[in-house]
Amino acid sequence: MKEQIDDKELLMQFREPATKERSFTLIIKKYQEKLYWHIRRMVVSHEDANDVLQNMFIKVWNALGNFREDSQLYTWLYRIATNECLSFLEQQKKRSSVSLSDVENGLSNRLKADKHFDANKLEWKLQVAIQQLPEKQRVVFNLRYYDEMPYEKMSRILETSEGALKASYHHAVKKIENFILNS
Amino acid sequence: MKSTNDILEELRELSPVLAGMEKRNVFTVPAGYFDLLSEDILAGVRNEGNTDGDTGSGSIEEVPHGYFDSLAETIMGKIKSTQVETASEETRALSPMLYSIRNENVFEVPAGYFEELSNAVVSRLTPQQAKIVVMKRRTTTFFKYAVAAAFTGVMALGVFKLTGPSKTALPDYVMAGLKIENIDQEFSKISDDEIVKYLEAEGSDVKAAIVANSVDENELPSQEEYLMDEKALDKYLNNINLGDLKN
C-alpha cells in the first residue's frame, strides 16, 4: 500500500509555487473518499455530492494558504465539507421555496427512487430513517456511526460541546431505532 | 450558670420572639451512631498508619469479607469508566441492531470516479480568461449615439419645417408623403439619389445621418484620441468626403 505523506509535509509543499499543485492533488487523493462519503450521506445523490465536494476543494485551494496549523487539516476539511453540505441543503430549500422537512422528504424520495432500493432491507430502512433526522443531528449521527469519530474531534469540527454531541447522538440512535422498528 | 443567663438575657434583648421559642433539633443521626463512633475513628487511624508503611499492627482479618474477590473487577471498572468509549462500542451498547449493519453501504459511485476526481478539481482551478474587446464596444456605443442624435435631428428638422412661421416649400415627394396612407409603399417609389440630394441641401444634422449610416466603425477615432484631443471627432468629420460616402 502506498504510504501517504504527512499533512505537515503536504502543507509545506503547498506553500512552494513549484509543488503547490502537486501537493494539492495529493491532499485531494488523501481525503477524497472520507469527505465524499460524509457529503454523500447528507445530500444522497452522487451528482450533488460531486458538486459539493468539488466546490469545497476549490474553496480549500483558495483558503489553504491562510490555514493555521494549530488545527488539524483533517478537522478543517471536515468543517468546510459540513458547512458546504448545510449551505447546499439550505439553497435547495430556498430554490424550491419549501420547508426543510420537504427537502428531507425529497431526500427520502431520492433514496426510494434508487434502482436498488428495497424497503424490506434493513440497510435501506436505516437510510430512510437517517433522513428523518434534523440536519445537524444527522451530521452528528453520521460522523459517529459511520466515521467513528471521537466526540473530542467532532466538537472541534462542529464547535459544539462534547456533552451536547453525546446527547444528540444518543437521541438520534433512539429515534432511528424506533423508526425502523415501527416502519 | 451566670454566663448562660447572660446569653439568654442578651437574646431576650435582641429578639424576645427567639428567646421565647423552645430549642428543638430537627436533625437526626442513625441509631447507635454515637455508640460506634469511637471504634470507627480508631479503625480509621489504624488504616492510616498502614498506608504510611506501618504494617506491624495490621491484619488480614480487618479487610472486609470478599474484598479481594471483587478487587480486580472494581479496579477494571474504574479504569473503563475513565477510558473514552469508542464509537463502535457506544453504538453497540446503544443499539445492537444498528451496530450489526454499520458496514452496509447502499450507495454506488460511478466506476473510476475517485481516480479522476483530483484532475477534475485541478482543471477547474485555472479557468480560461474571458476575451475582452474594449474598442469594439466603445465604437459601437458611439455609433449608437451618433445614429440617435442624427435621427433626432432629422425628426426635429421635419417638425420645424412643417410648423415653423417661415415655411419654405418642401419638395413635392415630401408634401405627397404627408397625404398618403401607406408610407412604406410610397417611400419605395423615391430613388436614393433624390433622398441624398434633399439631405445634402438640409444642413449638418443630415450630414451626420449620412455619416452614421455610411462610415466604417473601425475608422472612427479611438478612445485615446478622444482623450488627447477633444476635437478629434470634429476633425474626423471634416475630413470625410460626403460625396464619397453617399456612393
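Each reported figure results from applying straightforward, stated rules to the coordinates on display, with no laboratory input. Since we're looking at a predicted model, the values are computed, not measured. Cβ coordinates were reconstructed from backbone atoms using ideal geometry, including for glycine residues, and neighbour counts include every protein chain displayed.
For the peptide B:110-120, the mean number of other protein chain Cβ atoms found within 10 angstrom of a residue's Cβ is 4. May I ask for the net charge around A:Ala49, where only other residues with Cβ less than 9 Å from the Cβ of A:Ala49 are counted and Lys, Arg are +1 while Asp, Glu are -1? Residues near A:Ala49 contribute -1 overall.
Each part reduced to its alpha carbon centroid, segment A:126-183 and segment A:1-57 end up 24 Å apart.
Counting, for every residue in B:101-108, the Cβ atoms of other protein chains within 10 Å of its Cβ and taking the mean gives 6. Remark: the A:Ala18-A:Ile58 segment gains 12.5 nm on full extension, using 0.36 nm per residue and subtracting the alpha carbon distance. Counted by neighbouring Cβ atoms within 10 Å, the residues A:Val60, B:Val106 run from fewest to most as B:Val106, A:Val60. The mean sequence distance of close C-alpha pairs (under 8 Å, at least 6 residues apart), as a share of the length of segment A:1-139, puts its relative contact order at 19 percent.
Here segment A:55-98 is scanned for amide nitrogen atoms under 12 Å from the site 7 Å beyond the Cα of B:Leu125 along Cα-to-Cβ, giving A:57-65. Measuring between alpha carbons in the structure, the pairs from A:Lys30/A:Lys112; A:Lys93/A:Lys125; A:Lys125/A:Lys166 lying more than 28 angstrom apart are A:Lys30/A:Lys112.
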